[in-house]
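Trainee: Please read through the structure below; I'll follow up with questions.
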Amino acid sequence: MPAPAIRLLTLLLGLLLGYGAGRWISVAQNTEATASLLNVVSLMLAGLMLAVLLMARAERLSLRLTERFEHWYAALSPRTVTAATFALVVSLVVSVLLGNLLGGVPYYRWWWNPLITLALAGFFVPFAVRNSDTFGTVAGSPLRRKSGSKILDSNVIIDGRIVDLYRSGLLEGELLVPAFVLRELQMLSDHGDPQKRLRGKRGLSVLEELREVATLRVDDWDAPDLTLTDDKLVRLARETGGKLISNDGNLGKVARLYGVTVVNLNEAAVALRPQLQVGDAMTVTITKNGQQAGQGIGYLEDGTMMVVEDGAKYKNRTVRVVVVNNVQTNVGRMIFARAEPLVKVENGSLQG
């Protein structure tokens, strides 16, 4: 509501309160017409001046309430509104039926009907809203099925590999970005923590790049009754029948329990990595110390962690290693190797 309208309503409310108070005093004291008119005018002026004093506070309060209402209204889910409307219809129908049945009761009065309707609505509406998935479908708001759509989680967007995967043709169809995921990326890009801010900006940049090579759609769907993004993603995937693309292992496990198809890019990358065999030799840069004494940690180009025995002394150096074991874990692949120091020969090249 515009600020001038709020000020005008505040002044009118002050005049009405003053008029009402003046008329009540005149009737209560049975004063003469002239005195009654004087009381009314005086109290109307008092109400007007009080409204002027409270105008700024009333304006701030009204604007705050309006913003809250607009935020609440924008967050309403169509399924929730449909379920609440269906519950109100049921409440009205049952109220009419009960009114007809109770019409023959000796002490029945007409005002029983509104009370019965309010009581039924107080029971049915919250129940229907909590179970909006069921009641929204019964009321004629069917589940939206968009076969082939892939729902993107924020961690997959920030990861960035989704762009190359789509370009390669291994991923096809419509890519769907929920509005709450987009808001999460926006909040990260405006975060005070530099690292989180960098992640958020990277995610938005990836979406811009992805929009040029893929069919990308932002869905305004939301579930106000859910607070966690993971819960919203699972519900959206169930309602639309789409596939969920996420690197979150725990989210993937929960989604699969609900019958949602999950594509984990980390698992796909692990499956496509070339398998190193025991005895294979290669070079790797030792970046840090391992958990055990003397161990060094290095990483392959694809991010695979390599634990190098006796590699701690070669920290921040490139060393030749020989693979001694290759272990597949629930978080990825881990390679164990033995260090063989590099030495320079006359032509300046490195050899083991």
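Trainee: Any idea which of 77, 91, 95 is modelled with pLDDT under 75 and among the polar types (S, T, N, Q)?
Mentor: 77
Trainee: Just checking, which of 236, 226, 207, 198 is assigned to a helix (DSSP H, G or I) and out of contact with any strand residue (DSSP E or B) (no Cβ under 8 Å at 6 or more places or on another chain)?
Mentor: Unique residue meeting the criteria: 198.
Trainee: Test each condition in (1) surrounded by 18 or more Cβ atoms within 10 Å (Cβ to Cβ); (2) in contact with a Ser or Thr (Cβ under 9 Å, 6 or more places away or on another chain); (3) not in a helix (DSSP H, G or I) for residue 217 and report the one that comes out false.
Mentor: With (1) surrounded by 18 or more Cβ atoms within 10 Å (Cβ to Cβ); (2) in contact with a Ser or Thr (Cβ under 9 Å, 6 or more places away or on another chain); (3) not in a helix (DSSP H, G or I) applied to residue 217, the lone miss is (1).
Trainee: Being within 31 Å of the chain's Cα centre (by Cα) and at pLDDT below 80 is the filter here, so list the residues in the stretch 255-301 that pass it.
Mentor: Those that are within 31 Å of the chain's Cα centre (by Cα) and at pLDDT below 80: 266, 267, 268, 269, 270, 271.
Trainee: Moving on to the next point. Given 83, 51, which one is assigned by TED's automatic domain parsing to the domain that holds residue 123, surrounded by 15 or more Cβ atoms within 10 Å (Cβ to Cβ) and among the small types (Gly, Ala, Ser)? Explain how you work it out, then say what you get.
Mentor: Numbers: 51 fails: assigned by TED's automatic domain parsing to the domain that holds residue 123.
Within the list 83, 51, the selection yields 83.
Trainee: In this structure, is residue 60 of a type in the set (Lys, Arg), modelled with pLDDT under 85 and crowded, with 17+ Cβ neighbours inside 10 Å?
Mentor: Criteria not met by residue 60.
Trainee: Do you know which of the residues in the stretch 190-214 that are touching a Gly at 6+ places or on another chain (Cβ under 8 Å) and over 21 Å from residue 164 (Cα atoms) is surrounded by the fewest Cβ atoms within 10 Å (Cβ to Cβ)?
Mentor: Only one residue fits best here, namely 190.
Trainee: Quick one: which helices (runs of 4 or more DSSP H) lie wholly within the stretch 33-131 and hold at least 1 residues that are of a type in the set (Asp, Glu)?
Mentor: Helices (runs of 4 or more DSSP H) meeting the threshold: 33-74.
Trainee: Another one. With the structure loaded, tell me whether residue 69 is closer than 30 Å to residue 220 by Cα and in contact with a Phe, Trp or Tyr (Cβ under 8 Å, 6 or more places away or on another chain) or whether it fails that test.
Mentor: No: the conditions fail for residue 69.
Trainee: Another question, then. Please work out if residue 17 is loosely packed, with under 14 Cβ neighbours inside 10 Å, farther than 30 Å from residue 226 by Cβ and not β-branched (Val, Ile, Thr). Full working, then the answer.
Mentor: Numbers: loosely packed, with under 14 Cβ neighbours inside 10 Å: no; farther than 30 Å from residue 226 by Cβ: yes; not β-branched (Val, Ile, Thr): yes.
Answer is no for this residue.
Trainee: So, one more: Considering only the stretch 305-325, how many residues are crowded, with 18+ Cβ neighbours inside 10 Å and not in a strand (DSSP E or B)?
Mentor: Going through the stretch 305-325 one residue at a time, the tally reaches 3.
The values are calculated or read from the model by the stated rules, or taken from the named source; none is laboratory data. Not measured: the values here are computed from a predicted model. Methodologically, a virtual Cβ is constructed for each residue, glycine included, from the backbone with ideal geometry; neighbour enumeration extends over all protein chains shown.
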